[in-house]
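Peer 1: What follows is a structure written as structure tokens; I'll ask about it next.
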Amino acid sequence: MTPALFLVFASVAGAYILYLRLQLYINQRILRAFQASTIVVPPTKKASDPRLGLLAIGLILLALGVIAGLVK
């Protein structure tokens, strides 16, 4: 490989590395800007309502009653 061709390859590789570092820098700046502007609300763990379970059991019994009435 001639020295001139090696110099071309090395400069292209160096330019590509600089391009990737610039993209990484821009990406980090954008992520920091998003993180600084967002409001994080922690999720609350809500206790399950026992009335919901009773409602589900009632609906199941009602559905079984309708099915039994139709079969009869």
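The values are calculated or read from the model by the stated rules, or taken from the named source; none is laboratory data. Remember, it's a predicted structure, so these values are computed and weren't measured experimentally. All Cβ positions, glycine included, derive from the backbone under ideal geometry; neighbour counts span all protein chains shown.
Peer 1: From L7, L52, L24, which residue is loosely packed, with under 10 Cβ neighbours inside 10 Å and aliphatic (A, V, I, L, M)? Working first, answer last.
Peer 2: Details: L7 fails: loosely packed, with under 10 Cβ neighbours inside 10 Å; L24 fails: loosely packed, with under 10 Cβ neighbours inside 10 Å.
After ruling out the rest, the residue left standing is L52.
Peer 1: Scan segment 33-42 and give yes if some residue there is modelled with pLDDT of 90 or more, surrounded by 10 or more Cβ atoms within 10 Å (Cβ to Cβ) and not basic (K, R), otherwise no.
Peer 2: Within segment 33-42 (the criterion being modelled with pLDDT of 90 or more, surrounded by 10 or more Cβ atoms within 10 Å (Cβ to Cβ) and not basic (K, R)), the answer is yes, since at least one residue qualifies.
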